[in-house]
């Protein structure tokens, strides 16, 4: 299925250069054109209650596969992929392959076509295209066409560990069931069924770090059965359990979710 995006999302960019460099994360780039490591994360619009935890997330780009399809001597080049499968934070630039020069992406008049249903957000940063993709249940490769230049993106497939939960949850007058969890190295996915009000649960789930108190808002997908929640975060898959705050404003409860 192909959707056409012609409106740029209003997003904020969090630069994690210092974190990546200090932790020795290897970002393969064209040293002739880039003198420093700069990686940006796209956050969803208006996430005032939490943020994506991207500290020390591995960045993987294979230079042999980083170039897209060349058209009129120009191509898209993937220069960073922050892997929090099923979430991916990608940075692309336009490159003139005839002379190696980088073409800055400027202005507002751009067109992005992408064969993925779950493009969370995208923006332009320092002349590059930055996007946040939810690749859950997507077919690969994902075709990304920007201003007529195509890049076929195929992230490394990861088989998650699945745990059956069957937790009945509620806050205020709203009820649902957490059927199961899927555990990835850097993300936890929860599957909900039978919410009596999907809208009430839309932004009602926040992951709480038991050590720091940091809160992370779920990436939410509606399904025929209910909802799917994705919580990205460094090494979440190594935890024995997580704590999710459920509710809104001052009316909420806490649910411990076992991951082992």
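If you check 47, 77, which single one turns out to be outside the structural domain of residue 188 (by TED's automatic domain parsing) and modelled with pLDDT under 95?
Being outside the structural domain of residue 188 (by TED's automatic domain parsing) and modelled with pLDDT under 95 holds for just one of 47, 77, which is 47.
Only residues that are crowded, with 21+ Cβ neighbours inside 10 Å and more than 16 Å from residue 245 (Cβ to Cβ): list them for the range 173-200, please.
Once the filter is applied, which keeps residues that are crowded, with 21+ Cβ neighbours inside 10 Å and more than 16 Å from residue 245 (Cβ to Cβ), the range 173-200 yields 181, 184, 186, 187, 189.
Return yes or no: is residue 170 part of a strand (DSSP E or B), surrounded by fewer than 18 Cβ atoms within 10 Å (Cβ to Cβ), in contact (Cβ under 8 Å) with a residue 12 or more places away in the chain and out of contact with any strand residue (DSSP E or B) (no Cβ under 6 Å at 6 or more places or on another chain)?
yes
Please give the number of the condition residue 221 fails out of (1) farther than 21 Å from residue 174 by Cβ; (2) in contact with a strand residue (DSSP E or B) (Cβ under 9 Å, 6 or more places away or on another chain).
Checking residue 221 against (1) farther than 21 Å from residue 174 by Cβ; (2) in contact with a strand residue (DSSP E or B) (Cβ under 9 Å, 6 or more places away or on another chain), the one that fails is (1).
Do we find that residue 243 is in a strand (DSSP E or B), over 29 Å from residue 117 (Cβ atoms) and at pLDDT 90 or above in this structure?
yes
What's the total number of residues in the range 209-220 that are surrounded by fewer than 17 Cβ atoms within 10 Å (Cβ to Cβ) and closer than 22 Å to residue 85 by Cβ?
Total meeting the criteria: 3.
The values are calculated or read from the model by the stated rules, or taken from the named source; none is laboratory data. Fair warning: this is a prediction, and the values are worked out from it, not measured in the lab. Methodologically, a virtual Cβ is constructed for each residue, glycine included, from the backbone with ideal geometry; neighbour enumeration extends over all protein chains shown.
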